[in-house]
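The values are calculated or read from the model by the stated rules, or taken from the named source; none is laboratory data. These figures come from a predicted structure and were not determined experimentally. Positions of Cβ are backbone-derived with ideal geometry, glycine not excepted, and every protein chain shown enters the neighbour counts. In case anyone asks, the SASA skips ligands and DNA or RNA and just uses the protein heavy atoms, side chains included. Shrake-Rupley method; radii C 1.70, N 1.55, O 1.52, S 1.80 Å.
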Amino acid sequence: MKFFIDTANLDEIKKAADYGFLDGVTTNPTLIAKEGLSDQDARIKAICDITHGPVSAEVVATEPEAMLAEAKHLASLAANVVVKLPLTMDGLKVTRILSKEGIRVNVTLIFSAIQALLAAKAGAAFVSPFVGRLDDIGSDGMGLVEDIQTIYNNYAFDPEIIVASVRSPQHVLRAALIGADISTIPFSVISQLAAHPLTQKGLEAFLADHAKVKEKK
Ligand code: G3P
């Protein structure tokens, strides 16, 4: 399973790259706003300088013509930019046009398996089911990923499934068990992935025992 980082923060992206856990990056308008950026383009280019993996940049226009123009602009920023479009009828229409032109689209804000089916039929390269937001309303986010995986297997559909809105290591574990292609993970959750209390306890015991041997010498 590929690990993307879900952030527009350069320090977090660099840290994930240094740890060796950076196969790509996803951003969205909220993550960009959090950075207080006046120039989104410059940030997208800077991210693309750190990773050659796919970097999702989201369109904010809502009318098809304007969406198309914005998508083409974003795609022109770097070769590894993936255009993110919302799962709306117009988003699907623009996805179809862009995919025919060879521009990769990540269809975002997916909350049902039928939406993921539509995105696949429109030619999406990636789909982003938001698991955490479904869990937040008492629904089953990872159940949605299972359903999408089943549908895509049934028909050999191409899009890679990006498990998005990840809140915990449990989401990452379940994504891997389901066989999802990608998890896009906030830095706070990446930091938790390696942690286990018994690893820490065991390390402390090993170091204490080693210190005793040294004292005896
Ligand atoms: O990037 C899309 C998605 O991962 C957003 O997550 O935490 O805002 O639900 P969240």
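Structure data summary
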| quantity | calculated |
| --- | --- |
| All aspartates and glutamates inside 12 Å of LYS93 as judged from Cα atoms, apart from same-chain residues fewer than 8 positions distant | GLU63, GLU65 |
| Accessible solvent surface per residue of the chain, calculated while the other protein chains remain in place, 1.4 angstrom probe, Å² | 52 Å² |
| Segment 2-216, accessible surface, carbon-and-sulfur percent (1.4 angstrom probe) | 55 percent |
| Electrostatic dipole magnitude of the chain [Cβ: Lys, Arg +1; Asp, Glu -1; Cα centre; debye, to 20] | 620 debye |
| Set of aspartates and glutamates near LYS212 by C-alpha distance (under 18 Å), chain-local residues within fewer than 8 positions excluded | GLU204 |
| Rounded to the nearest 10 Å², the accessible area of ASP147 at probe 1.4 Å | 80 Å² |
| Computed accessible area, THR30, all protein chains, 1.4 angstrom probe, square angstrom | 90 Å² |
| Tail beyond 22 Å, pair distance distribution of the chain (Cα, percent) | 52 percent |
| Pairs beyond 23 Å (Cα-Cα), from LYS72/LYS121; LYS14/LYS72; LYS34/LYS100; LYS45/LYS84; LYS2/LYS100; LYS45/LYS72 | LYS14/LYS72; LYS34/LYS100; LYS2/LYS100 |
